[in-house]
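Any read-out appearing in this document is the output of simple, stated calculations on the displayed coordinates, not a laboratory observation. Since the structure is predicted, the reported quantities are computational estimates derived from the model, not experimental observations. Please note: Cβ atoms are built from the backbone with ideal geometry, for glycine as well, and neighbour counts cover all protein chains shown.
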Amino acid sequence: MSESEAIRQQNADLSRLNEDYATRYGFRDPVDYFHKGARGLSHEVVEMITRMKNEPRWMAERRHEALDIFYAKPMPKWGNTKLLGEIDFDNIYYFMKPIENQQASWDDVPEYIRKTFDKLGIPEAEKNFLGGVSAQYESEVVYHSMKEDLKKQGVIFLDMDSGLREHEEIVRKYFGTVIPSTDNKFASLNTAVWSGGSFIYVPPGVDVKIPLQAYFRINAENMGQFERTLIIADKGSRVHYIEGCTAPVYSTDSLHSAVVELIALEGAYIRYTTIQNWARNIYNLVTKRATAHKNATVEWVDGNLGSRLTMKYPCIQLVGEGARGEILSVAFAGVDQHQDAGAKVIHAAPRTSSRITSKSISKDNGRASYRGLVKVHKNAVNTKVSVECDALLIGEDARSDTYPTMEIDNEQVRVEHEARVSKVAEEQLFYLTSRGLSEDEARLLIVNGFMEPFTKELPLEYAVELNRLIELEMEGSIG
Amino acid sequence: MSHRTTLFELKDIHVEVEDKEVVKGVSLKVKAGEVHAIMGPNGSGKSSLSNALMGHPGYEITSGEAYLQGHSILEMPPDERSRAGLFLAFQYPLAVPGVTVANFLRAALKAHRGPEADMSDFRRLLKREMAALSIDPSFATRYLNDGFSGGEKKRVEILQMSVLNPKMALLDETDSGLDIDALKTVSGGINRFHNADNGILLVTHYQRLLNYVQPDFVHVMLGGRLVKSGGPELALKLEENGYDWVEQETGLTAEV
């Protein structure tokens, strides 16, 4: 077989990537919503949202102010400006409330929604290895629960709307402090129309030993999901939060635009794991940022499969001496997909350290970009920075770009930087097949191996799930 | 050894790389229990021959026949050749990041034994073979050839051979890049693998490996052909006098 033939064959095998998405995740539910607003965005829509939620006036004002900022701000000039230009903000539903009240028992969730989460395996995961679960459907969290012992330790895990109602003082103190609404156009949009998301507060010294999870499901066509998450880990506490996302397959686009703010106070530890597998008609434009105080640690573990366009650059601001940040991200870009993912770390205190590991796989005409920024301020002496980007290309039309930026304003910094692009090459396949593995088995082994530094960081159940997703995406090859 | 059955047979093999003929008619018979060595200077076509026999897509066998235990192998893709009992120890083994030596070998052995096969002996087998090759146990969980030294890669090639236990092993420049201790260990592994039922074809530039792995036959490859065959003494003569005298005697040049 010539090289081009081999590549054609490879493309044919891999074109079936995620092809069963429609049956596995892409099913749609018939809807009977408590409230379904009109399409389009205006101050009236914002006012309707805030009134329905019966929010304090300061929040309503924040929203209106943010909407004006959204109108005034230009679209980002980076990422994929062509696809961004295709978003029709007038055609999106900004608020859909599926049921009147959130439930604490799956039995009380309407059957069609419960079945959705059943199919996604959420109640089972909850039983087996989670400390708490939040399930958001369209704009609001429909199910929420947390284990009793965590409640007793003072851990707060609520949907964001309830968080604002029940802990207004904490929300007011931290909301928008890590990501102001002026940050970027989609952060202002989220601030204007946010709904749902998670609010977590872990008291000083409390170690939440099992993960808390939120699952975000978009069901309707042309839906805009704008969850807002705020996690505060108080001094010396520890928490691991996991989010997952899917949506049905439609011919027209939906928008997912979340804002996630993390605050790790002195000595605290937060790990935030994302495994998203959006349908291919979803625009996924998310702003995620963390502030790590003295000796605190923040880790973003970010897995991006699916979507039409993802633009997401989890950020850590190391503001306290000895703070540590780690960002580990993978992106899988298949047919007609663009994953513009990356990482940002701001070193603003001495003795801080950060590590960025980015892995991307592009296949067919998929495109994966790494866009990163590491900024080391003048005062951040004795700082360590490590950036490693790895791209794997499958097929001759696949594309990978790397846009790393480093701004280092002092000399007492140790920097390591590596970037590699590799192809699933004929030579590598030959080596593995010469040991008796079929070409498909060999290709899967290479891809799984490439992802291994990421999957080994996931809780076992999620690593298994991710490997299964990849295997499905590579299927057809597997026979 | 003439009563033994023919294990591996090549009939007039021609190989092209990028439309250039690099092997110009090689015939060879390896009987069960035999060790053959093909020696030749750089560019004589010996590595092309071994890659082509394993089924490398960049090396096209344009004519000729090859049989392993009486079965024609040239229509088989590399994985079938492997499962049929052919093995190639690579001159430059590639790294496969993220795939551990143990996981890789388990997958390969399973491919040989079939999906339903019992693999409960795998751990013990791997441990034993690693110990025999003086490979540190930690290598089982290291990524295949990733960051391995030249010598470590060669040892792990021999480890793969020992675990998969092929009928016919082609060893392509397995001695290159080895210091004397590593050479002894690797040769020990080859000798340990060798038995009356399998065959070995050593492809090498130098004679020194043959001090440790005694060949039954030595063939000299020049210009894509086997131009001279003999016993072990031929290797010693090449070591002493180089390849020039063969070129003069046969009127051929080394390079294809």
For q = 0.16, 0.22, 0.23 Å⁻¹, what log10 I(q)/I(0) does the range B:53-136 give under the Debye formula with an equal point scatterer on each alpha carbon and no solvent? -0.83, -1.22, -1.25
Given the range B:111-256, what count of lysine pairs have C-alpha atoms under 19 Å apart, with each pair 8 or more places apart or on different chains? 5
Principal axis dimensions, largest first and in whole angstrom, of the range A:31-312 by Cα: 46, 42, 36
As a percent rounded to 5, the proportion of antiparallel DSSP bridges among beta bridges in the protein assembly as shown is 20
Between the range B:109-132 and the range A:185-260, what is the separation of their alpha carbon centroids in Å? 45
Quantify how much of the Cα-Cα distance distribution of the range B:6-250 extends past 30 Å, in percent. 24
Between A:GLU124 and A:SER422, how many nm apart are label points set 7 Å from Cα along the C-beta direction? 3.4
Equivalent ellipsoid, chain A (semi-axes from 5 times Cα gyration tensor eigenvalues, Å): 34, 28, 22
Can you list the residues, at least 5 places off or on another chain, whose amide H is less than 5 Å from the amide H of B:SER27, using H built in the peptide plane? B:ASP12, B:ILE13, B:LEU226
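With only alpha-carbon atoms in the gyration tensor, what are the semi-axes of the equivalent ellipsoid for the range A:32-172, in Å, largest first?
Three semi-axes, in Å: 30, 20, 17.
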Which of the lysines could be linked to A:LYS152 by a straight reach, that is with a Cα gap under 16 Å, when you skip same-chain ones fewer than 8 residues away? A:LYS209
So what is the 222 nm mean residue ellipticity for chain A from helices alone, if each DSSP H run of at least 4 adds -39500 (n - 2.57) and you divide by all residues, rounding to the nearest 500 deg cm²/dmol? -8000 deg cm²/dmol
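Express in % the proportion of alpha carbon pairs of the range A:339-479 at distances exceeding 23 Å.
Percentage above 23 Å: 46.
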For an R0 of 22 angstrom, estimate the FRET efficiency from the Cβ-Cβ distance between A:PHE89 and A:ARG28 and round to the nearest 0.05. 0.45
